[in-house]
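Please treat every number below as a calculation from the coordinates, not as lab data. Since we're looking at a predicted model, the values are computed, not measured. Ideal geometry is used to build each Cβ from the backbone, glycine not excepted, and the neighbour counts take in all protein chains shown.
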């Protein structure tokens, strides 16, 4: 019984340490996102010509990064999780490029989602 309690305690401590690490990474990542976001906004205000497509791509990547930060903070339990209904049919295509980059050229992943999911 004592070993079981000690093992459970160690597991709780590990999870707490992992949560702290994830929270720190999320915080640092968010700081980097804010720097990039600010510079994209400055470029937009200055009307930098010829870079509209690139700035739009950066803004999309920033939104993905912000979502990732929220998810990391949820894992770290530093931000309350909230239940929400999402339209998978809209979410899956939006993450296509991220999945493609993550999986690499040797892996093909086909995802089919019914429209009413």
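A few notes on this one:
- Multiplying the residue separation of residue 52 and residue 90 by 0.36 nm and subtracting their alpha-carbon distance yields 11.3 nm.
- Between 0 and 90 degrees, the angle of helix 52-75 with respect to the longest Cα principal axis of the chain falls at about 10 degrees.
- Residues 116, 52 arranged by fewest to most Cβ contacts within 10 Å: 116, 52
- Of the Cα atoms belonging to region 2-81, the radius of gyration and Dmax stand at 18.9, 68 Å.
- Seen against the Cα atoms of the chain and their longest principal axis, helix 2-46 is set at about 10 degrees.
- Estimated FRET transfer efficiency (residue 16, residue 62; beta-carbon r; R0 25 Å; 0.05): 0.25
- Förster radius 22 Å - calculated FRET efficiency between residue 75 and residue 109, Cβ distance, rounded to 0.05: 0.40
- Computed [θ] at 222 nm, helices only, for the chain once each DSSP H run of length n ≥ 4 contributes -39500 (n - 2.57): -25000 deg cm²/dmol
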